[in-house]
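Worksheet: the structure to be examined is printed underneath.
The values are calculated or read from the model by the stated rules, or taken from the named source; none is laboratory data. Fair warning: this is a prediction, and the values are worked out from it, not measured in the lab. Counting neighbours? That spans all protein chains shown, and the Cβs are built from the backbone with ideal geometry, glycine included.
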Amino acid sequence: MTEITELDPGLHEALYRVSNGACGLLAFIAIHSTRLGPAAGGLRMRGYADEAAAVTDALRLSEGMTYKNAAADLPLGGGKAVIVGHPAIHKSPELLRAFGDAVQRLDGRYWTAEDMGMTPRDMAEIALTTRFVAGLPNGTYASGDPSPVTARGVLNAIRIGLRHRTGNDDLTGRRVTVQGLGHVGWNLCSLLRDLGAHLAISDIDDTRKAKAAALFDAEAILGEMITRVPADVHAPCAIGGTLTGGAIFHMSTVVVAGAANNQLPSDEEARQLHERGILYVPDFIANGGGIINVAAEICQIEARGPWVERKLEALSTTLDAVLTAASDQKCSPHFVAMEVVLEKLGQVQNAVSERCGPCTS
Ligand code: NAI
């Protein structure tokens, strides 16, 4: 029997602990906001150190989904789920179905889909016990793996960032560092390589890194050293929190734009990037392609292809406006983007200049 316990959600709308001893399921579902619609956000499976780490991740990721869905003008709120465990070791059909059972019992307040450690086949397994799941491999509105669309959105973000910073979005001969060669990072490398970019890449999985280095004619970099490689663009496509003060200190790129959620440990790093003259593309805009793809399935859009294209274009327009405003206000785009989404959410905000603090000077 799958047990659902409500935990204190703090400033979020809801937080659930989900467990099932028979199949070893321990998961957390966080609902940050349903202000714009049912909460939607992927399911991540990771070997968290403890329950507290998993809860923190679910809470931060679900908040990011609220902003991401608002930025893309989707009729969806922000939610996220995490399962504690290593996908290669602990994932089983029983565990996925038990998780689906919990999602079903939330009665549509939360829609799940793929995130790290999950595949369309896993979503199909989850769909055996809930109808509130997207990113399915088959079916009338099935959207499949969101990563290729996420990668396209990141590429758009890179180009818009380059245009703003250098006046030119041509990638021929540009050096791009890609951190994380999973579903999104791999697709992004392929797109960048096709456009003539020179790649430097890193991944904690050495086999994957070696394979990518050979395929994309890329330079393989050791671990965190990736942020020290001289390049035009850095694309964080692994985990969150990688844009630390230490990493920023050594960075020499002009643009940072990638797929990873919650790239900034805090607002402070947005200021540091700005002060170092590095254009940071807010992650919740750069990586919105995936949820746009998923939203077409949740919203049962008939002509999904054109709808997704229009939404991607609109997201690019939003990003362009955010970067223009940030440049005018001599402020990190992070603060301007926050202002934009909080306005969409109907939340009263301080002036950007107040939030931006020292970087307006
Ligand atoms: P994935 O699980 O397929 O790939 C992640 C890759 O990063 C793996 O190859 C892993 O070995 C590597 N990695 C982990 N820690 C690392 C580190 N410290 N340094 C270098 N590499 C490391 O995940 P996926 O789907 O590609 O997602 C990547 C990021 O983008 C995640 O933060 C995810 O939340 C975010 N994202 C993904 C979307 C999607 O459509 N899949 C949509 C929006 C955001």
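Observations on the model:
- Screening Asn262 against (1) crowded, with 24+ Cβ neighbours inside 10 Å; (2) touching a residue at least 40 places away in the same chain (Cβ under 8 Å); (3) in a loop (DSSP other than H, G, I, E, B) leaves a single unmet condition, (1).
- Filtering segment 208-221 to residues that are near the ligand (Cβ under 10 Å from one of its atoms) and either of a type outside the set (A, V, I, L, M) or not in a loop (DSSP other than H, G, I, E, B) (or both) leaves Arg208, Lys209, Ala212.
- Within segment 64-173, helices (runs of 4 or more DSSP H) holding 3 or more residues that are out of contact with any helix residue (DSSP H, G or I) (no Cβ under 8 Å at 6 or more places or on another chain) and either assigned by TED's automatic domain parsing to the domain that holds His32 or without any contact (Cβ under 8 Å) to a residue 24 or more places away in the chain (or both): 87-90, 93-105, 120-126
- Any pair with Cβ under 8 angstrom, 6 or more apart, that starts in segment 297-322 at a residue that is under 19 Å from Leu76 (Cβ atoms) and ends at one that is buried (at least 16 other Cβ atoms within 10 Å of the Cβ) and among the basic types (Lys, Arg): Glu297/Arg304; Leu312/Arg152
- Residue within segment 232-245 that is aliphatic (A, V, I, L, M) and farther than 21 Å from Ile160 by Cβ present: yes
- Test for Asn168: is it modelled with pLDDT of 95 or more and crowded, with 20+ Cβ neighbours inside 10 Å: no
- Residue match in segment 318-327 (condition: within 19 Å of the chain's Cα centre (by Cα) and of a type in the set (Ser, Thr, Tyr)): yes
- Count of segment 184-207 residues, restricted to those that are part of a helix (DSSP H, G or I) and closer than 24 Å to Gly117 by Cβ, is 10.
- Meets criteria (in contact (Cβ under 8 Å) with a residue 24 or more places away in the chain, part of a helix (DSSP H, G or I) and either more than 14 Å from the ligand (Cβ to nearest atom) or within 19 Å of Arg152 (Cβ to Cβ) (or both)) for Leu181: no
- Residues of segment 145-202 classified as out of contact with any Cys (no Cβ under 6 Å at 6 or more places or on another chain) and on the phi > 0 side of the Ramachandran plot, total: 3
- Arg97 being surrounded by fewer than 24 Cβ atoms within 10 Å (Cβ to Cβ) and either more than 14 Å from the ligand (Cβ to nearest atom) or of a type in the set (Asp, Glu) (or both): yes
- Residue list for segment 222-247, restricted to those being free of Cβ contacts under 8 Å to residues at least 40 places away in the same chain and within 16 Å of the ligand (Cβ to nearest atom): Leu222, Gly223, Glu224, Met225, Arg228, Gly241, Leu243, Thr244, Gly246, Ala247
- Selection status of Leu195, modelled with pLDDT of 95 or more, within 16 Å of the ligand (Cβ to nearest atom), surrounded by 15 or more Cβ atoms within 10 Å (Cβ to Cβ) and not assigned by TED's automatic domain parsing to the domain that holds Pro120: no
- The listed residue being among the aromatic types (Phe, Trp, Tyr), within 14 Å of the ligand (Cβ to nearest atom), more than 26 Å from Ile292 (Cβ to Cβ) and at pLDDT 95 or above, out of Tyr48, Tyr67: Tyr48
- Boolean, Ile83 is touching a strand residue (DSSP E or B) at 6+ places or on another chain (Cβ under 6 Å) and closer than 23 Å to Ala124 by Cβ: yes
- Hey, Val103 of a type in the set (A, V, I, L, M), closer than 18 Å to Ala238 by Cβ and buried (at least 24 other Cβ atoms within 10 Å of the Cβ) or not: no
- Residue ID - nearest to the chain's Cα centre (by Cα), chosen from residues in segment 270-290 that are away from the ligand (no atom under 16 Å from the Cβ) and in a helix (DSSP H, G or I): Ala270
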